[in-house]
Amino acid sequence: MTFDRIRTQQDYTDAHAKSVSDPEGFWAAQAETFTWRKTWDTTLVWDFEKPDIQWFAGGKLNITENCLDRHLEKRGNKLALIWEPNDPKERFVRLTYRELHDRVCRYANVLKRNGIKKGDRVAVYMPMVPELMIAVLACARIGAIHSVVFCGFSAQSLADRINDAGAVAVLCSDGMFRGAKEMPVKSVVDEALEQCTTVRRVIVTERVRWAVNMVAGRDVWLHEELTQVGADCPAEVMDAEDPLFILYTSGSTGKPKGVVHTCGGYMVYTDYSFRNVFQVEESDVFFCTADLGWITGHSYMAYGPTLAGATQVMFEGVPTFPDPGRFWQIVDKHGVTIFYTAPTAIRSLMACGIDHVLPYSLHSLRVLGSVGEPINEEAWHWYKTHIGKGKCPIVDTWWQTETGGILISSIAGVTDEKPSHAAYPLPGIQPVLLTAEGKEITENEVEGLLCMKFPWPSILRTTWGDHERCRQTYFSSYTGMYFSGDGAKRDAEGRYRIIGRVDDVINVSGHRFGTAEIESAINTAKGVVESAVVGYPHDIKGQGIYAFVVTEKPVEDPEDMRGSIIESVVASIGRIAKPDKIQFVSGLPKTRSGKIMRRILRKVAENELNALGDTSTLLDPAVVDEIKGGKL
Ligand code: WT7
């Protein structure tokens, strides 16, 4: 029996059963479908306590030979990438697999020409232009470890990530288009590099044609470099467990951590999950609206679809420019069959009204996907009815930067779907729900902490430069388990419903922030003594950021003070982390031992003023009344 493709409910049941009874046999069979320079010696080595996880150890490969070279014979003239620019009046770009292969090889030769080699870390800070995907694949081609930093992050955030990884180069553009705006990119890199000593090269892609400052001996133009190289670039041979990339993500502490994924297992899992969850066929046109700077863009743009030899759309702009019909216009224009987006986008387009949907036929659509946060029932039904016209299955895909690929999701049109439920674990995935004490709950119709008791090929291996932090964050809360940080329910039929984070992480429009990270940004504003940040339900963003701020002196001009706090957050983290509400308070509710009681602040932010619970352990219960009184 082959478990490569799931076509029926029975296939799913069989594949999952096989993956539990014989995980190594199951994944070895998937891995055999790829091009390896040398077959692996051991399918799996694992110890969650250290943690030490190795898939396909001893195997040698290059992921880009699997994304590109192996398609050339049969799919050389098939479209790999349809790039849709920010401005619909600008011409779109189409690249076949042969052309993408050619562009990646040339870019890889530019990297080599500039002294970048296997094992080097390369920061990529670029808008959604074809060169972003090409740059990422070019790094993988030569074995350099890419660290993509989303362009919404500030110079400070970029500098922190460059320094943590010790990056030797930055790949960027001159500037970027975003809706009606043009924004700088290269000058942000310049500002970041004032704090970095490891970067020797900056390679700049021309996009907006602004005059930018080029530092002699450090900065080069991509188009000039490309005239100096050829198209022949043999792929570097990598060990299955060599790092493929680092991607920074937020946790409960102030400092983002670099999640590390490796070559072999990540390849096997992203391809398998992509083809099965979305039920991808040769003729499909896949459109994922995520930015490549997030894990979704890594796994289901740069790698999954190219591994599968699929055609995909990459969109530079925003959903509301030139009007809120833009996604649907793109769907019709390019005949998109599978559309993958985030609940926050669905909610914001829903709020713009159906008139922006009606002009488009959307008849090409076959499958819809959702990712990044829980999708509320209202948004689910709107998506189903108005975008899917009632005929497209919706896959609600739950996963994380750390998991590398989708872990829990229904399989499009194969396993059943239920609004707001991610539903079933994919083959190879063994979720468990635990009580707060760490006891496994085996019944159904329960709620608990979502953990995984067995490794899958694309689980994170470490956090860059700090393995102990990886152990503590994910593997120490419950012995022998990977802890996701999410709470979940399991219904009578065994479907999972993700409730949300149980740690101090908030999810704003699908972007993940630690409350501590935002607090330290706020605390850099002049006149701020301390602050506490909590999430609260937000109609469009899912969660909004509510900040309680204590100042040195009574605030005379609240608007001015709020402005300077927002400025500090934008400078430390980026425009994506702006607090939605800032309330000035004279003190924070603290226990006698000095711990901030966030539970109380959360209730205030959620407007549940009568459900504050026990406040008797507070050092100064009076501050609670003041906070309640000043609620925004
Ligand atoms: C957190 C991971 C997965 C790629 C994008 C986000 C939340 C993600 C779902 C979903 C409910 C979801 C979880 C998770 N989340 N997908 N389908 N339903 N919640 O990746 O930035 O690493 O965030 O996003 O809370 O822990 P990320």
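The values are calculated or read from the model by the stated rules, or taken from the named source; none is laboratory data. For clarity, every value in this text was computed on a predicted model and none was experimentally measured. Here the Cβ positions follow ideal geometry from the backbone for every residue, glycine too, while neighbour counts run over all protein chains shown. Accessible surface is based on the protein model in full, side chains and every heavy atom, while ligands, DNA and RNA are left aside. Shrake-Rupley method; radii C 1.70, N 1.55, O 1.52, S 1.80 Å.
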Item to check | Contact order relative to length of the chain, as percent, for alpha carbon pairs under 8 angstrom and 6 or more apart | outcome: 12
Item to check | Computed helical MRE - 222 nm, the chain, DSSP H runs ≥ 4 contributing -39500 (n - 2.57), nearest 500 | outcome: -8000 deg cm²/dmol
Checklist outcome for this item: Counting sequence-distant residues (5 or more places) and residues on other chains, those with an amide H built under 5 Å from that of ARG200 are ALA169
Next on the checklist: If I take every Cα pair under 8 Å that is 6 or more residues apart in the stretch 505-629, average their sequence separation and divide by the length, what percent do I get for the relative contact order?
Outcome noted: 22
Checklist entry - Tell me, how many Å apart are the Cα centres for the stretch 231-293 and for the stretch 145-195? => result 21
Item to check | Given LYS89/LYS181; LYS526/LYS553; LYS257/LYS581, the pairs whose alpha carbons are separated by over 18 Å | outcome: LYS257/LYS581
Next on the checklist: How high is the relative contact order of the stretch 571-632? Use alpha-carbon pairs under 8 Å, at least six apart in sequence, and give a whole percent.
Outcome noted: 40
Checklist entry - What is the local net charge at GLY265, summed over the other residues whose Cβ is closer than 12 Å to its Cβ (Lys, Arg +1; Asp, Glu -1)? => result -3
Checklist entry - What whole-number value in Å² describes the accessible area per residue of the chain for a 1.4 Å probe? => result 37
Checklist outcome for this item: Neighbours of VAL550 by Cβ distance under 12 Å: Lys/Arg at +1, Asp/Glu at -1, summed charge -2
Item to check | For HIS467, net neighbour charge (Lys/Arg +1, Asp/Glu -1) across residues whose Cβ lies under 15 Å away | outcome: -3
Checklist outcome for this item: Among the Cα-Cα pairs of the stretch 505-629, the proportion with separation greater than 20 Å, in percent, is 42
Next on the checklist: Leaving out ligands, DNA and RNA, and with a 1.4 Å probe, what % of the accessible surface on the chain is carbon or sulfur?
Outcome noted: 49
